[in-house]
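The values are calculated or read from the model by the stated rules, or taken from the named source; none is laboratory data. Because the structure is a prediction, the values reported are computed rather than measured. Neighbour counts run over all protein chains shown; Cβ positions are idealised from the backbone, glycine included. For accessibility, only protein heavy atoms count, side chains too; no ligands or nucleic acids. Shrake-Rupley method; radii C 1.70, N 1.55, O 1.52, S 1.80 Å.
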Amino acid sequence: MYDSQLHSQINTGLRKMKIDVGNSDNLFYTRFVANATAIQFLYNQLYQHHPESEIIFKQLIDTMGKAYSQRPVTLKLRDEEKEKKGNWFLSNEITGMSLYVDRFCGNLKTLGEKLDYFKTLGVNLLHLMPVMQSPEGESDGGYAVSDFRKIDERFGTLEDLKVVEEKMTGAKMYLMMDIVMNHTSHKHEWAQKAKQGEKKYQDYFYMYDDRQVPDQFDKNMPDIFPESAPGNFTYVPECNKWVMTVFHNYQWDLNFSNPEVFIEMLDTIFFFANFGVDVLRIDAPAFIWKQLGTTCQNLPLAHTILQLIKQCVQVATPGMALLGEAIVAPKEIMKYFGTGLYTAKECDFAYNATHMALQWDALATGDTKVMLAAQHEILQKPLGTSWITYTRCHDDIGLGYDDDMIRHGGFNAYEHRKFIKNYYSGMHEGSPARGALFSVNPKTQDARISGSLASLCGLEKAIDEKDKSAVEISIKKIMLMQAHSFFIGGIPMLFYGDEVGYTNDYSYLNDPAKSYDNRWMHRPVIDWNKNEKINDIGTVEQKVFSATQELIAIRKKLEVVSDYKNLTWLQPHNIHIAGYLRTHNGKKLYCIFNFSAAPAYLTWFAFKQHGPVSAKLFDHWSNKQYHVGNDSEYFILEPYSFYLLEPEL
């Protein structure tokens, strides 16, 4: 199809939907024309050999046009406001919190009444963990969706969510929600029709008459949950077929080599956009393209799908940013921001999972060499994109950094990983942490780590042993970890409960639907009587909440920590210390962290290696002033302390 034919097709489609390409909808039309060639190219990369390729491409154009024409005027105005700001999501003024609605406050109606809590803390972006319909007992925490457009009755209704969204908009807050792209529940309408033998819907999944093709796939595909859900295929007795189920046997993998599946899911993405979602978290994008003879993870055409989605969103609903939840090795994660012509044109965000894990590595060892060895890869993130930075989330902690990084730090990779796992699971003698190993692979002994921020930092053990000194140390560790994450660049995402120091919640062991998955230990049920203690001076809750509140306030007033690819790591002069420099518009901020249980000494020369330094530095955390010494003198950092130092003119 030539460009002239393409533009003619676009104009025909838009006229059908009564979109005024010459007047009020000129911005949309301009975006459409500017991105049309890229959209066509990416679509053809995926589907040019499909027998109905051209027909379905017309459906793609219609889907975008419909999404724009149905977009509320208020959201179109917000699109324009965000566009004037440039990449609005790079701002230092945004701080997020991720939460399970039911475990946080019961339901969506109650959530709408809790917005003042977030305002007091300083949080202005909420990530609502999955609330769409999913079968009780087979929900995977909401990631086994049976209806993408219906709220699960446990949380309320779509109208309840709309009330929350409108209240958040009024409070100038941003909304982030999930779309599960890789799979549906086996109780989704498409899966039910596939079970009944409808060929159209069987083609929405990877379904086979026998084990021949599944066995070929299994030769190269690893098990995601080797303990609880081994294998990648499940037999479906209703239709006597095998279906691909990479995660759990009740989650059927969608077949994105079928362009009809792409159109269905793109339309679902626009549903979220037009509901008022500001950031859409795309769950498990690494898995969305399958190919025999591969691991079926991080394949090139998975990126093509994401790039096509981004182009379509940029045309129809440009105010919604995309987050790719790809928890993969550092070299692979960079690809989710886009490469080549599509650099910074794929996902706007990715999780900085590598650095999250490296912080836990440094805290356990008191040594920052492995952390620093990984930074070359992480710094490759392109300008115009950003990270979600965090210390804990709903998921486990995977030690996803490369063995070479560990060896570069001077450690044996196997023994080092073994130490980290033993330390945080409490098996290492003298460890204050109380966590657990998750998804242990019996063949490789690979495992991940569960546990709340507070419990992994030693607070649970300290409270149980009534050790006041250990409680104070654990609080220092909690704030050290949060501060390191807050100022490194990206949107800091708190996990609910961490703002008041919640320790592990073991009530999940009494629920048969959850007891097999120890990640529920760090997904607490909030006790609002406990949260009220933030007003009681001297309580753990008050200390952690007020310190977190202060970190957020400091970050919001320092534009220098906006994410403009403006991070430089200080050269290492002490293995216990990690330091980075943030610069923007002539401003500087030195962020220095001591991961050791003992005082650490840093030569003043470390500051001077990055240009002239003022005679005085002001620490935004302690509100103290420091006089810069000569090269033979040292800045002394207290155990588990951090400093946010701005040069004074």
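For the modelled label position 7 Å from the Cα of Asn240 along Cα-to-Cβ, which residues of the range 206-234 have backbone nitrogen atoms closer than 16 Å? From the range 206-234, the list is 208-212. Close amide H partners of Ala344, meaning residues 5 or more places away or on another chain with modelled amide H under 5 Å apart, are Gly338. Which FRET efficiency, nearest 0.05, do Lys199 and Gln445 yield, Cβ-Cβ r, R0 51 Å? Efficiency at R0 = 51 Å is approximately 0.70.
A full extension of the chain between Ser632 and Met427 corresponds to an added length of 69.6 nm, given 0.36 nm per residue minus the alpha carbon distance. Between Lys466 and Asn585, the FRET efficiency from the beta-carbon distance, with R0 = 41 Å, is close to 0.25.
Amide H contacts for Arg523 (H built 1.01 Å from N in the peptide plane; partners 5 or more residues away or on another chain; cut-off under 5 Å): Asp505. Which shape class, rounded, prolate or oblate, goes with the range 80-182 when its Cα gyration tensor gives a ≥ b ≥ c as root eigenvalues, a/c under 1.5 marks rounded, and past that a/b bigger than b/c marks prolate? Prolate shape, in that a/c is at least 1.5 and a/b is the bigger ratio. With the simple spin-label model, which puts each label point 7 Å out from Cα in the Cβ direction, the Lys557 to Glu138 separation comes to 5.5 nm. Starting from the Cα of Leu379, step 7 Å toward the Cβ, then list every residue of the range 319-348 with an amide N under 17 Å from that point. Flagged as within label range: 330-331, 334. Compared with the direct C-alpha span, the chain from Leu649 to Gln549 gains 33.3 nm at full extension, assuming 0.36 nm per residue. Between the range 456-535 and the range 153-167, the C-alpha centres lie 27 angstrom from each other. Whole-Hz Karplus values for the range 588-596 come out as 9, 9, 8, 10, 10, 9, 9, 8, 9 Hz, taken residue by residue from phi with 6.51 cos²θ - 1.76 cosθ + 1.60 and θ = phi - 60°; glycine and proline positions read x. Peptides 249-255, 117-123 ordered by packing proxy, namely the average of other Cβ atoms within 10 Å per residue, highest first: 249-255, 117-123. Basic side chains Lys and Arg get +1 at the Cβ, acidic Asp and Glu get -1 at the Cβ, and with that the dipole of the range 40-90 about its Cα centre reaches some 280 debye. With contacts taken as Cα pairs under 8 Å and at least 6 residues apart, the range 287-414 reaches a relative contact order of 23 percent. Against the chain, whose longest principal axis is taken from its Cα atoms, helix 3-16 shows a tilt of about 80°.
Principal-axis analysis of the Cα atoms of the chain puts helix 413-424 at an angle of about 80° to the longest axis. Here the range 247-270 and the range 60-91 have alpha carbon centers that stand 24 Å from each other. Positive end of the dipole of the range 300-386 (Cβ unit charges, origin at the Cα centre): among Gly319, Ile333, His376, the Cα lying farthest that way belongs to Gly319.
Potential lengthening of the chain between Asp210 and Thr30 amounts to 59.8 nm, from the contour at 0.36 nm per residue minus the alpha-carbon distance.
Look at the dipole of the chain built from charges on Cβ: of Trp528, Phe272, Asn107, the Cα furthest out on the positive end belongs to Phe272.
Taking amide H as placed 1.01 Å from N in the peptide plane, Leu494 has its amide H under 5 Å from the amide H of Gly96, Met97, Ser98, each at least 5 places away in sequence or on another chain. On a 0 to 90° scale, report how tilted helix 300-316 is relative to the longest principal axis of the chain, with both axes built from alpha carbons and the result rounded to the nearest 10. The angle comes out near 80 degrees. 3J(HN,Hα) couplings calculated from phi for the range 165-171 with the Karplus curve 6.51 cos²θ - 1.76 cosθ + 1.60 (θ = phi - 60°) are, in sequence order, 4, 5, 5, 5, 4, x, 8 Hz; Gly and Pro show x.
Taking every alpha-carbon pair under 8 Å whose residues sit at least 6 apart, the chain reaches a relative contact order of 12 percent. Averaged over residues, the count of other Cβ atoms within 10 Å places the peptides 227-237, 106-116, 264-274 in the sequence 264-274, 106-116, 227-237, highest first.
Quick one: grab the alpha carbon gyration tensor of the range 149-190, order the square roots of its eigenvalues as a ≥ b ≥ c, and give me rounded if a/c is under 1.5, else prolate or oblate depending on whether a/b is larger than b/c. Because a/c hits 1.5 or more and a/b fails to exceed b/c, the range 149-190 counts as oblate. When a 1.4 Å probe is rolled over the protein heavy atoms, the share of accessible surface on the range 604-649 that falls to carbon and sulfur comes to 53 percent.
Charges were assigned to the Cβ only: +1 to each Lys and Arg, -1 to each Asp and Glu. The resulting dipole of the chain about its Cα centre is roughly 1200 debye. Look at the alpha carbon pairs under 8 Å that are at least 6 residues apart: their mean separation over the length of the range 364-424 gives a relative contact order of 50 percent.
Accessible area per residue of the chain at 1.4 Å probe, in Å²?
The answer is 40 Å² per residue.
Using a 1.4 Å probe over the heavy atoms of the protein chains, calculate the carbon and sulfur portion of the accessible area of the range 137-226 as a whole percent. Walk me through the numbers before you get to the answer.
Working: 1850 of 3990 Å².
Of the solvent-accessible surface of the range 137-226, carbon and sulfur hold 46 percent.
Packing order of peptides 132-145, 71-84, 350-363, 549-562, highest average first: 350-363, 132-145, 549-562, 71-84 (average count of other Cβ atoms within 10 Å over each peptide's residues). Cβ-Cβ distance of Thr343 and Asp404, R₀ of 30 Å, FRET efficiency by 1/(1 + (r/R0)^6): the value works out to about 0.75.
Set the bar at 30 Å for Cα to Cα. Now go through Lys533/Lys587; Lys85/Lys310; Lys66/Lys162; Lys167/Lys587; Lys119/Lys187 and name every pair that lies beyond it.
Numbers: Lys533/Lys587 38 Å; Lys85/Lys310 19 Å; Lys66/Lys162 21 Å; Lys167/Lys587 36 Å; Lys119/Lys187 39 Å.
Listed pairs above 30 Å: Lys533/Lys587; Lys167/Lys587; Lys119/Lys187.
Note on the chain: helix-only mean residue ellipticity at 222 nm, from DSSP H runs of 4+ residues weighted -39500 (n - 2.57) and normalised by residue number, equals -11000 deg cm²/dmol.
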